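Have a look at the structure below before the remarks.
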Amino acid sequence: MLSRRDVFHGLLASPLLLARGEAEVTPDVVRFRPEIEPLVSLIENTPREKCAEMAVDQMRRGVSYRRMLAALFLAGVRNVNPRPPGFALHCVFVIHSAHLISLEAPADVRMLPLFYALDDFKAAQERDAKASGGDYTMRGLQGTLPTAEKAGPELAAAMEAWDLERAERAVVALARGRGAGDVFAALWRYGARDYRNIGHKAIYTANACRTLQTIGWQHAEPVLRSLVSSLLDFGRQQQMNGYALDDQCYSANVKRLRESFGKLGDAWGSDDADSGATRAIAAVIHDASPDEACAEITARMVKNKISAGAVWDAIHLASAELRMRARGAASLASIHSMTSTNALRYAYQSAPDPQTRFLLLLQAAGWVGQFKTAARPETLRAFRITDLEAASRQGARDRDVAEVFAGLRKDTDETAARVFGLAGDPAGRQAFFASALRFTASRVSEVHYYKFLAALIEDTPLVSAEWQPYFTAAAAYYVKGPADPEPPSMKRAREALRSLPS
């Protein structure tokens, strides 16, 4: 009999044994690989209120965690319109974050993120079916693919021309002829060129890459088609979030790349920390326009006065600062300032080409500035993250953590100061994140709680030790706690999971 540990780690290789018949799929609808299509269809056609029971039933019959994750991701790709990149498509974006939280969470809540993502897909499927543009379903690929030799240049040409049909054919040809590294090497800059729809294009690019690493490259083609469709939404001229494409920092940063990259010293990409330089760049991002901030970073790097590591510290601090400053209508965008920075940092670390990496660094600085300037002034309070101080605290660490979570929603700034104090040493930070994971995994009511916490967990180790407490303190502004209710979907999941032996 399967235990929960067996299910979670996906140790079984037994074939799918479906309790329900396969759903009929019309010939023009894209089909997935035969080993995953029946499970995807089952997820698509099971009523929302029955999905937790269905998932446990499949796990009991031998479906592994990894296979269930793959089917859920692909169900979102086939059923939810990737244009615009956001809204209902969060059910696709969140899969990586849910998986990461499952890996990090305490054992008793470790399976819940998968069940939340399943419920969120069903909600997204319902919303998409009612969309004004009609119920989206991905169709089969049309047209003749370019040769393997021409796929790369054809993809670049299609992306520059904002030509979706060409891009779909080219990215499929590239996926068939080359590996994941080559495909995403061609896509990183396009995920980063366009901030519109508050950073979701970069988020989708990074999370598509990370999720495919988990579920397997054999599932790549439909995912990549959905991705390039998202990347090419809005065209060059449409204004979203206050920007058309040419209003953003991308064109100027491409020019800086051409003019300045050859002048950089060999150590420009160093991860070395520099406290003074980080403070200075964080202040520039806070005070200056996005273009001015990118220009200042470039000038300092050309003069060998600052390295990429110090700049990234400043970018992470600036994104966290925006979350801490934002109020009201600016709150959601400020969350995306952190999740977008997380995506761009992942792209930077993954991109093999140094010039692409330099461009991604500048874009990350510019995007935080664009998030800031897109907000109305009255929605951003006066605050600098580098002025943060720890609240005085006494007693054992477990009591400190309990006090932190007891203070949520009462005085967020005081709670942030307590988190800052806890996060000054690794053990305190670990204790805080363990509680954050437990509460958020079981009480999540909206996908951004997973995305935000996952970004914090991934990026905190990348920030220099001096700045980790400052960055972690932003968690106080968007985390679940003991006073938050457990949603009905999580109650259904817990009840269904009780039938699996521990």
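Quick notes
- Residue list for the range 474-486, restricted to those being in a helix (DSSP H, G or I) and open to solvent by 10 Å² or more (accessible area, probe 1.4 Å): Tyr477
- Scanning the range 193-210 for residues that are surrounded by fewer than 22 Cβ atoms within 10 Å (Cβ to Cβ) and assigned to a helix (DSSP H, G or I) yields a total of 1.
- Residue check, Arg345 open to solvent by 20 Å² or more (accessible area, probe 1.4 Å), modelled with pLDDT of 95 or more, under 23 Å from Asp291 (Cβ atoms) and in contact with a helix residue (DSSP H, G or I) (Cβ under 7 Å, 6 or more places away or on another chain): no
- Filtering the range 263-284 to residues that are in contact (Cβ under 8 Å) with a residue 40 or more places away in the chain, within 19 Å of Arg357 (Cβ to Cβ) and of a type in the set (A, V, I, L, M, F, W, C) leaves Leu264, Ala267, Trp268, Ala273, Ile281.
- Residues in the range 101-143 that are more than 19 Å from Pro222 (Cα to Cα), of a type in the set (Gly, Ala, Ser) and not in a helix (DSSP H, G or I): Ala105, Ala131, Ser132, Gly133, Gly134.
- On inspection, Ser499 passes the criterion of being hydroxyl-bearing (Ser, Thr, Tyr) and more than 18 Å from the chain's Cα centre (by Cα).
- Val40 vs. criteria assigned to a helix (DSSP H, G or I) and either open to solvent by less than 10 Å² (accessible area, probe 1.4 Å) or modelled with pLDDT under 95 (or both): yes
- Matching residues in the range 100-116 - criterion: being touching a residue at least 60 places away in the same chain (Cβ under 8 Å) and farther than 23 Å from Ala431 by Cβ: Phe115, Tyr116
- Matching residues, the range 236-259, being in contact with a helix residue (DSSP H, G or I) (Cβ under 6 Å, 6 or more places away or on another chain), open to solvent by 20 Å² or more (accessible area, probe 1.4 Å) and in a helix (DSSP H, G or I): Ala252, Arg256
- Residue within the range 122-132 that is within 30 Å of Glu53 (Cα to Cα), touching a His at 6+ places or on another chain (Cβ under 6 Å) and open to solvent by less than 50 Å² (accessible area, probe 1.4 Å) present: no
- Checking every residue in the range 163-172 against the condition of being under 24 Å from the mean Cα position of the chain (by Cα) and open to solvent by 10 Å² or more (accessible area, probe 1.4 Å) gives at least one match.
- Residue pairs meeting the criteria (Cβ under 9 Å; at least 6 apart or on separate chains; first farther than 17 Å from Thr386 by Cα, in the range 402-417; second hydrophobic (A, V, I, L, M, F, W, C) and part of a loop (DSSP other than H, G, I, E, B)): Phe405/Val479; Phe405/Ala483; Ala406/Ala483; Leu408/Val479; Leu408/Ala483; Arg409/Ala483
The values are calculated or read from the model by the stated rules, or taken from the named source; none is laboratory data. Everything numeric here is computed off the predicted structure, so don't read it as measured data. Heads up, the Cβs are rebuilt from the backbone with ideal geometry, glycines too, and the neighbour counts pull from every protein chain shown. The accessibility values were calculated without ligands, DNA or RNA, using every heavy atom of the protein model including side chains. Shrake-Rupley method; radii C 1.70, N 1.55, O 1.52, S 1.80 Å.
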